[in-house]
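What follows is a single structure, written as structure tokens, with notes after it.
The values are calculated or read from the model by the stated rules, or taken from the named source; none is laboratory data. Since we're looking at a predicted model, the values are computed, not measured. FYI the Cβ positions are ideal-geometry reconstructions off the backbone, even for glycines, and counts take in every protein chain you see.
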Amino acid sequence: MAEAFKDIYTEQFLRDFSDKINSVYENFQGEEFVAAVLADSWEDLALRGRMLRIVDILGRLLPPDYEDALGILYKLVNHCEGFPYLFFPDFVAAFGLKEEYWDISMSALECFTKHSSSEFAIRPFILKDAERTMGYMLKWSTSSNEHVRRLSSEGCRPRLPWSMDLPVFKKDPTMVLNVLENLKADSSLYVRKSVANNLNDIAKDHPDVVLAVARKWIGKNPETDWILRHGCRTLIRKAVPEVLALFGYADTSESEPLILNATLNVTPDQLSIGDTCQFNYSLDMNRDSPAHIRLEYGIDFVKSKGKTSRKIFLLSDKTVPGNSHLSGSHNHSFANLTTRKHYSGLHNIALLINGMEVAATTLLLQ
């Protein structure tokens with residue numbers, strides 16, 4: 001959820017939305033709404049902060065009765081489509097968590113997700129009563145509407161980005177897996193991507209559980225196989241042997257290496273932060289028959305206190321003929337990123353095939 005997205009909430013957007021409310025609720029104080037939303041530290045608020053500010057002001061200016069306020073949003077929802085209107089379900093999360101509102105709040109989230117997404121707004125309900133909320137999610141997983149089906153998966157991801165984690169499912173994902181069972185061969189790519197991301201979340205806390213699911217599901221439906229391949233991506237990157245075998249990667253070991261004569265060099269081998277280097281690699285396959293390989297390189301980045309942390313980068317993932325000779329080059333930038341700051345020091349560089357290191361070199365970052 002990029003920070004620049006916050007700029008969709010311009011003064012003109014707010015005035016247009018205010019006019020929409022006035023068309024169905026003539027007592028709405030449009031000028032007060034716009035002024036209150038834009039007051040104080042509006043420019044400093046991030047995207048979610050702006051959404052929640054809008055929700056808070058709506059809570060003040062819509063009818064005080066929750067059901068009456070929902071009724072106004074229902075009248076507008078067909079004219080308020082897409083990402084900017086995520087604050088519709090946010091309104092439900094802010095004002096509809098009381099026990100007496102539970103059922104109408106669930107109905108509202110089901111409705112609003114068809115027009116934007118309720119994936120963030122459902123999570124406070126899960127935190128408050130996971131079993132009751134997941135009863136709705138299980139029902140939604142069989143909906144004819146792909147947006148509702150996606151909500152049933154995306155909303156219960158244990159580690160949904162830009163949202164609160166769900167510790168109950170990080171501890172025990174059983175209720176989540178019951179929902180995913182209904183979605184494992186979904187006809188919608190939109191839904192399948194969510195199922196894969198959910199499995200990938202679960203794999204970070206329960207790799208053995210996801211491996212067991214993969215063994216149970218694999219080979220029965222191409223849509224399911226696609227979900228599993230993407231849902232197990234973290235386990236594949238970690239080169240978990242059982243997972244690599246499940247997806248057909250060739251096995252390799254010190255006693256029977258997959259690769260012979262592997263070399264890796266870097267030019268230049270000394271550079272400054274912000275510069276780019278080139279890796280050159282060469283290797284021979286030690287198999288007579290075709291082999292599925294995952295070729296990667298890892299860099300042991302020096303951290304601020306001098307320790308190192310390895311980051312893996314994919315070069316190729318493919319099936320190669322037996323006895324192949326593979327060689328290639330790859331440029332890598334050491335420019336600082338928002339997600340990674342570089343520090344000077346000796347960086348170890350490794351070439352890996354199916355998770356096993358087969359060659360290494362060093363680079364001095366100054």
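Observations, loosely collected:
- When we screen Asn261, Asn265, Asn280, Asn200 for residues that are part of a strand (DSSP E or B) and free of Cβ contacts under 8 Å to residues at least 40 places away in the same chain, the only hit is Asn261.
- Unique match (being surrounded by 15 or more Cβ atoms within 10 Å (Cβ to Cβ) and of a type in the set (Ser, Thr, Tyr)) among Thr319, Thr339, Thr361: Thr361
- Glu254 on the phi < 0 side of the Ramachandran plot and outside the structural domain of Leu127 (by TED's automatic domain parsing): yes
- Residue pairs meeting the criteria (Cβ under 8 Å; at least 6 apart or on separate chains; first assigned by TED's automatic domain parsing to the domain that holds Pro173 and aromatic (Phe, Trp, Tyr), in segment 131-153; second surrounded by 16 or more Cβ atoms within 10 Å (Cβ to Cβ) and assigned to a helix (DSSP H, G or I)): Tyr136/Met106; Tyr136/Glu110; Trp140/Glu110; Trp140/Val148; Trp140/Arg149; Trp140/Leu151; Trp140/Ser152
For every residue, the table says whether it meets (1) at negative phi; (2) surrounded by 20 or more Cβ atoms within 10 Å (Cβ to Cβ); (3) touching a Gly at 6+ places or on another chain (Cβ under 6 Å).
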| residue | (1), (2), (3) |
| --- | --- |
| Trp140 | yes, yes, no |
| Trp162 | no, no, no |
| Asp165 | yes, no, no |
| Met175 | yes, no, no |
| Val179 | yes, yes, no |
| Ser187 | yes, no, no |
| Tyr190 | yes, no, no |
| Asn198 | yes, yes, no |
| Asp205 | yes, no, no |
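- When residues of segment 273-316 are limited to those that are among the charged types (D, E, K, R) and touching a Leu at 6+ places or on another chain (Cβ under 8 Å), the one surrounded by the fewest Cβ atoms within 10 Å (Cβ to Cβ): Asp284
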